[in-house]
Amino acid sequence: MKKNLITLSMTAATCLLILTSCGNGTVARDLDASAYNHYEIDLNNDGVISDSEKGLTWANSYDKVISSIKSTSDTATRYSLMHKAETLLMSTGAICPLYFYTDMYLLKTSVTDFYTSPLGYKFFTYAKKGTSTSVTACIASEPSTVDPALNSSVDGATYDSHLFEGLYCYQDVNGDGQADLVPGLAAAAPTKTENDDGSVTYDFTLRDGIKFSDGTDITASDFVYSWNRAASGALGADYAYMFDNVKNADKVEADETGEEKLGVEASADNKHFKVTLATDVPYFYELCAFPAMSVVKQAAVESSDVRGGWVADAGFVTSGAYTMDSWDHDSTIVLKKNPYYWNASNVTMDTITFALSDDTSNMYTNYSSGAYDMIDDFPTSMIDTLKTTPDYHIQGQLGTYYVIFNVKSKLFADKADTEQKREKVRKALSLFIDRNYIVNSVTRGGQEPANSFVPTGLTDADGVSEFVSYNGADGDGSGYYSVAADSYASNVAEGVEMLKEVGYTYDESSGKFTDFPSNGVYLYNTSEGHKAIGETLQAELAAKGITIKLQNQEWATFLDTRKAGGYDIARNGWLADYNDPISFLDMWTTASGNNDAQFGK
């Protein structure tokens, strides 16, 4: 999942840094589709790439292996295919991981019972602050949306987790500050039935007396509507693919009329919500806590003809612990306790104010004055001092900060006139990046240099070994390139040879390329941390004769630019949506709304 605001530790999954063409601002795209007909993968998982598996399109290679992963319940096969998918993804050179995330934030010691999740969410619902029942936090700037079906950012998910709820939710059960998965609007864990055709049906009993914030009942039919809406091609949500394992999802996601329906149903008494999965998945309960699967009220959604317009301003109907009392755009969001929430008697914070800002100096000033109780970003210059204070917190996250290339860009097409050559260019630029310098001298938040896209913290088939430990051509744990500090010189040398092979001219005496395209602009949304990373990459590329300029862009526009493919290279990041490697792999299928690399498009 993406995040609006990247902290010094880059806790957010996406503060995108985009390289676009200069001049008139138009990015050259739309290369001949035949350029992509070379991807290959062992679709049969038999250890051999047959003639029929060579020279495939993205749709006939990557998309199919992801489909195979989601249609098998055999653990060994599933993990073997996920490794193959990541290897194909990394072979394109379009995904250039920099480091694995940590999460740093400042929290007043007066605030207790606050908890977080390794997915990046922050929870204030059951927090305490002495005798006060209000808390103020700043986690990001203005969100692009808080429609749970349309949101794809971590900051938006934090707001949605307070405003909406699904069958499951997160609470700090063990009192350790970590979010635990528990039944939400479901009364308990569902019953599970294995069907003769290999599918499984989950039967959820809803809690008695659950209501929307307007006092009307929440029923199983509301879940049927909400899930069908979120998955439908008519809505075109980025996260429609999250419903892939639900029966008939492929037809629902492809249907722009909204007539096709998922394999979900409500019982006659509207107290049971039944879900049939074509193939069972181990992370299904986590999906049930994902914001896109929250319940929304049909009449509220359809009160506006604008896509997502029903939540454009405060006052909309919610299903979670809070309602939105006010939304002063680009300034504050104020949440008020929802008296109709099923667990309202245990909700401790009556008011949560989210300040909206990406100005780290302003955030820290307000935090220091006591105006803010928590901030998710602060000035780079303060990090060493803040590390010694009790307000400073750092923890692991399931995420990767990376550079993303648009595979349809013509930025390198002067010399790289085939996709294979463009892959070499992308990989060469990746090798010029000193990841150890970035984590040790720029971010300084305990991040680990990344040599794969799937991050540390996710286990392999045995449930113990790290998934990332099996990266590399031989599964030897070396990754897709070396991130050892003493390997940087050899990485640079390898990158130089790759660009020379493509046809770029290298001046041995100066150690620089003399004819590499110089019309790149490094675009990033406002953040001191973004700027520092951008300046580092700018300097490292300049050392090899490659020129880029730096420019930032407002967050909502920034997201639209990237999603539309209006860029050449983007700096990106991703936090897991649930605890499984597939969360980092299924986002790259052709039809995925999160496929900003434009694979197969």
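Considering only residues that are assigned to a loop (DSSP other than H, G, I, E, B) and acidic (Asp, Glu), which ones fall in the range 368-427? Even if it seems obvious, please write down each step before you answer.
In the first step, residues of the range 368-427 are kept if they are assigned to a loop (DSSP other than H, G, I, E, B); the result is 370-373, 376-379, 387-391, 406-418.
Asp373, Asp376, Asp377, Asp391, Asp414, Asp417 - these are the residues of the range 368-427 that are assigned to a loop (DSSP other than H, G, I, E, B) and acidic (Asp, Glu).
Name the residues in the range 235-269 that are among the β-branched types (Val, Ile, Thr) and under 21 Å from Asp147 (Cα atoms), would you?
Val252, Thr257
Okay, residues lined up against (1) surrounded by 22 or more Cβ atoms within 10 Å (Cβ to Cβ); (2) at pLDDT below 95; (3) in contact with a helix residue (DSSP H, G or I) (Cβ under 9 Å, 6 or more places away or on another chain):
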{"site": "Glu142", "(1), (2), (3)": "no, yes, yes"}
{"site": "Ala189", "(1), (2), (3)": "no, no, yes"}
{"site": "Ser199", "(1), (2), (3)": "no, no, no"}
{"site": "Leu206", "(1), (2), (3)": "yes, no, yes"}
{"site": "Gly209", "(1), (2), (3)": "no, no, no"}
{"site": "Phe223", "(1), (2), (3)": "yes, no, yes"}
{"site": "Gly233", "(1), (2), (3)": "no, no, yes"}
{"site": "Tyr239", "(1), (2), (3)": "yes, no, yes"}
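Only one of Asp305, Asp325 is without any contact (Cβ under 8 Å) to a residue 40 or more places away in the chain, assigned to a loop (DSSP other than H, G, I, E, B) and more than 14 Å from Ala149 (Cβ to Cβ). Can you tell me which?
Asp305
Just name the residue that is surrounded by the most Cβ atoms within 10 Å (Cβ to Cβ) out of those in the range 248-288 that are among the charged types (D, E, K, R) and assigned to a loop (DSSP other than H, G, I, E, B).
For the range 248-288, the residue satisfying everything is Glu260.
Considering the range 289-302 alone, what residues qualify as being more than 16 Å from Ser117 (Cβ to Cβ), touching a residue at least 12 places away in the same chain (Cβ under 8 Å) and not in a helix (DSSP H, G or I)?
Hits for the range 289-302 are Val295, Val296, Lys297.
Since Ala149 meets every condition but one in (1) touching a Lys or Arg at 6+ places or on another chain (Cβ under 7 Å); (2) among the hydrophobic types (A, V, I, L, M, F, W, C); (3) assigned to a helix (DSSP H, G or I), which condition does it not meet?
Among (1) touching a Lys or Arg at 6+ places or on another chain (Cβ under 7 Å); (2) among the hydrophobic types (A, V, I, L, M, F, W, C); (3) assigned to a helix (DSSP H, G or I), the lone unmet condition for Ala149 is (3).
Inspect the range 36-46 for any residue being modelled with pLDDT of 80 or more and either within 30 Å of Ser117 (Cβ to Cβ) or not hydroxyl-bearing (Ser, Thr, Tyr) (or both) and give the result as yes or no.
The answer is no, given that none of the residues of the range 36-46 is modelled with pLDDT of 80 or more and either within 30 Å of Ser117 (Cβ to Cβ) or not hydroxyl-bearing (Ser, Thr, Tyr) (or both).
Could you tell me which of the residues Asp180, Asp208, Asp197, Asp217 is of a type in the set (Asp, Glu) and either under 30 Å from Asp376 (Cα atoms) or in contact with a Ser or Thr (Cβ under 7 Å, 6 or more places away or on another chain) (or both)?
Details: Asp208 fails: either under 30 Å from Asp376 (Cα atoms) or in contact with a Ser or Thr (Cβ under 7 Å, 6 or more places away or on another chain) (or both); Asp197 fails: either under 30 Å from Asp376 (Cα atoms) or in contact with a Ser or Thr (Cβ under 7 Å, 6 or more places away or on another chain) (or both); Asp217 fails: either under 30 Å from Asp376 (Cα atoms) or in contact with a Ser or Thr (Cβ under 7 Å, 6 or more places away or on another chain) (or both).
After ruling out the rest, the residue left standing is Asp180.
Restrict the check to the range 150-165 and report whether at least one residue is more than 19 Å from Thr276 (Cβ to Cβ) and β-branched (Val, Ile, Thr).
Yes, the range 150-165 contains at least one residue that is more than 19 Å from Thr276 (Cβ to Cβ) and β-branched (Val, Ile, Thr).
What number of residues within the range 201-218 are within 30 Å of the chain's Cα centre (by Cα) and under 15 Å from Glu165 (Cα atoms)? Break it down into steps so the answer makes sense when it comes.
Filtering the range 201-218 down to residues within 30 Å of the chain's Cα centre (by Cα) leaves 201-204, 206, 212-213, 218.
With under 15 Å from Glu165 (Cα atoms) added as a condition, the list becomes 204, 206, 212-213, 218.
Here the count works out to 5.
Could you look through the range 533-545, keep only residues that are buried (at least 16 other Cβ atoms within 10 Å of the Cβ) and not in a loop (DSSP other than H, G, I, E, B), and pick out the one that is modelled with the lowest pLDDT?
Once the filter is applied, the top-ranked residue is Gly534.
So which residues in the range 482-514 are closer than 12 Å to Ser430 by Cα and touching a residue at least 40 places away in the same chain (Cβ under 8 Å), if there are any at all?
Matches in the range 482-514: Val483, Tyr488, Asn491, Val492, Glu494, Gly495, Val496, Met498, Leu499.
Among the aromatic types (Phe, Trp, Tyr) and out of contact with any helix residue (DSSP H, G or I) (no Cβ under 7 Å at 6 or more places or on another chain): does that describe Tyr392? Quick ask: steps written out before the conclusion?
Details: among the aromatic types (Phe, Trp, Tyr): yes; out of contact with any helix residue (DSSP H, G or I) (no Cβ under 7 Å at 6 or more places or on another chain): no.
Answer is no for this residue.
The values are calculated or read from the model by the stated rules, or taken from the named source; none is laboratory data. Please read all numbers here as calculations on a predicted model, not as lab measurements. All Cβ positions, glycine included, derive from the backbone under ideal geometry; neighbour counts span all protein chains shown.
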